[in-house]
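Everything on this sheet refers to the single structure shown next.
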Amino acid sequence: MNLIFSRNTIKVGILVITILQQMSAEGQQYSLMDTTFGNGGFEEILPNGGKIYGHSVLYQQDHKIIVAGNYSSYELVRLHADGTLDNTFGGGLVKTSNHLTDNYLANALLQPDGKIVLVGCNAIGNFELTRLNVNGSTDTSFNGGWVSLSANDEERYIAYDAKLQQDGKIIFCGIYNNYSFNLNTAEIFIGRINIDGTFDSTFSEDGKFYGSTIPGGYNIPNSMFLQNNGKILIGGYYFNDNDEEYLQISRYLTNGKIDTTFNGIGYYRTSVLEDQGRIIDIVQNTAGKIICVGNKGISNEPTDIFLMQLDTFGVLDNNFGDAGFIIYDSKFSVGVNRIILDNDENVLITGYQTSERADADVFTARFNALGNLDEDFGLNGIVVTALSNGDDVANDIILQPDGKILTVGTMNENINPRFFVIRYLDDFIISAD
């Protein structure tokens, strides 16, 4: 077996090398991190010794990288292109919150002018959206800096995802219920914000849509995708009458109404080849195919990852895999958190995989347009990276303009959580002779 490591790569830890040796013994391939970035291909970020969870990564035109997450507040750092901390951004760390504590970041968005939009909520169901200036300060021209929907004894708003429209408006989704998040009643909630921070009255009359048009009392939207025509795809899951979880994807018009041209009724529901599961994220390729990725298995106990493909009308594509599905069946438990398409329209996903250590490691995989694992990426299409002695979980993935891959998440999540950023080379391969 021929291995090539720089001095910095070895600093990543024996755990990574151990996994490499174990997998390469099977005569496969493996892709290494970009050792010109950070500490041998990754950067660990724990500002001021505190705890912090990494959720989103943004790439600026000047090649700087913004990592956003939360602990008690929304927290962000900005890195130079080489992975070193940019202290001109909020002195190295930006922490922002309204009057709330225990904030959870659903997504971060980068506007063309460099301003940063943060969308999330807190533990009791207060929806919060804010916009930051390029230097990390609060943008007070955006509705004074914050847009809020406050929880009370009867209403809760839990944010799940957000996207930026081409016209600069911000659209977000989550769940709304009128009692408690723990009760089995929840509706899809979609809102749209103007560029000045006010709710858009052209969207469902007051800027807010409640998805009671979809049957069932418990519908959860994990992700959102904006199609080129402005229509809105929402992917997630629902509970049936037996409290079983099944896939659900729905589509909405630009005015917030359900699009009944999508599968004839506005939504599509199915099992994962007769098993339970959840859609976690959605993309659409240039051919109009809608690709959903998710976890197969019951709540909080995912066993495998699936890809599901629909045509643009919301009909399952039976020419894709096995009756519209591709199942990645691992001997370990695997969970996925994000999907993107690369420049060749290959599917990149990231999340976590448990290992023989019983802890989670960062999991990244690439599939071709047919749904097959790409043997030119990593070890038969898979890259697994252990960064700590605890759980390392990737929550976001993006492509740099040069094709390098950035993944962001939380390392040592179950013990002492902090940001991590990994940069992979998509064409650097290790071979076992």
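Might you tell me the accessible area per residue for the range 329-387, computed with a 1.4 Å probe and given in Å²? Could the numbers behind the result be given before it?
Details: 2100 Å² over 59 residues.
About 36 Å² of surface per residue is accessible.
Compute the length gained on full extension between N228 and N368: take 0.36 nm times their separation in residues and subtract their Cα-Cα distance, giving the result in nm to one decimal.
Numbers: separation 140, 0.36 × 140 = 50.40 nm, distance 2.24 nm.
Here the answer is 48.2 nm.
Apply the Karplus parameterisation 6.51 cos²θ - 1.76 cosθ + 1.60, with θ equal to phi minus 60°, to every residue of the range 380-397 and state each ³J(HN,Hα) to the nearest whole Hz, in sequence, with x for glycine and proline.
Ordered by residue, 3J(HN,Hα) equals 6, x, 10, 10, 10, 10, 9, 10, 8, 8, x, 7, 10, 10, 8, 10, 8, 8 Hz.
For the range 331-433, state which GluC sites (Glu not before Pro) are in a DSSP loop and have at most 16 other beta carbons lying within 10 Å of their beta carbon.
Qualifying residues, ordered by number: E345, E356, E375.
Give the relative contact order (percent, whole number) for the range 254-391; include only Cα pairs under 8 Å separated by 6+ residues.
It rounds to 15 percent for the range 254-391.
List every residue whose amide H lies under 5 Å from the amide H of S223, counting only residues 5 or more places away in sequence or on a different chain, with H placed 1.01 Å from N in the peptide plane.
G235
Just reorder R338, R156 by solvent-accessible area, largest first, 1.4 Å probe, all chains present. It would help to have the intermediate numbers written out before the result.
Values: R338 30, R156 55 Å².
Highest to lowest solvent-accessible surface, that is R156, R338.
Give me the 1.4 Å probe accessible area per residue for the range 71-138, excluding ligands and nucleic acids, in Å².
In whole numbers, the range 71-138 has 36 Å² accessible per residue.
How high is the FRET efficiency between S271 and T84 when r is their beta carbon distance and R₀ equals 56 Å, given to the nearest 0.05?
According to the calculation, E is roughly 0.75.
Calculated FRET efficiency, D196 and N39, Cβ-Cβ r, R0 56 Å, to nearest 0.05?
The value I calculate is 0.85.
For the range 159-311, report the accessible area per residue in Å² (1.4 Å probe, heavy atoms, rounded to an integer). List each step's numbers first, then the result.
Values: 6010 Å² over 153 residues.
Ligands and nucleic acids excluded, the figure is 39 Å² per residue.
At a 1.4 Å probe radius, carbon and sulfur cover how many percent of the accessible area of the range 307-433?
Here it works out to 44 percent.
When Lys and Arg each count +1 and Asp and Glu each count -1, what net charge do the other residues less than 13 Å away from I158, Cβ to Cβ, add up to?
That works out to -4.
Using only the Cα atoms of the range 375-422, build the gyration tensor, take square roots of its eigenvalues as a ≥ b ≥ c, and label the shape rounded, prolate or oblate: rounded if a/c is under 1.5, else prolate if a/b is larger than b/c, else oblate.
Oblate is the answer for the range 375-422, as a/c is 1.5 or above yet b/c matches or exceeds a/b.
HN-Hα J couplings of the range 264-275 from phi, Karplus 6.51/-1.76/1.60, θ = phi - 60°, integer Hz, Gly and Pro as x?
These are the phi-based 3J(HN,Hα) values: x, 9, x, 8, 10, 10, 6, 8, 9, 6, 6, 10 Hz.
The values are calculated or read from the model by the stated rules, or taken from the named source; none is laboratory data. What you see is a predicted model, and the numbers here were worked out from it, not measured in a lab. Glycine gets a Cβ as well: all are built from the backbone with ideal geometry, and neighbour counts include every protein chain shown. Side chains included, ligands, DNA and RNA excluded: accessible areas come from the protein's heavy atoms. Shrake-Rupley method; radii C 1.70, N 1.55, O 1.52, S 1.80 Å.
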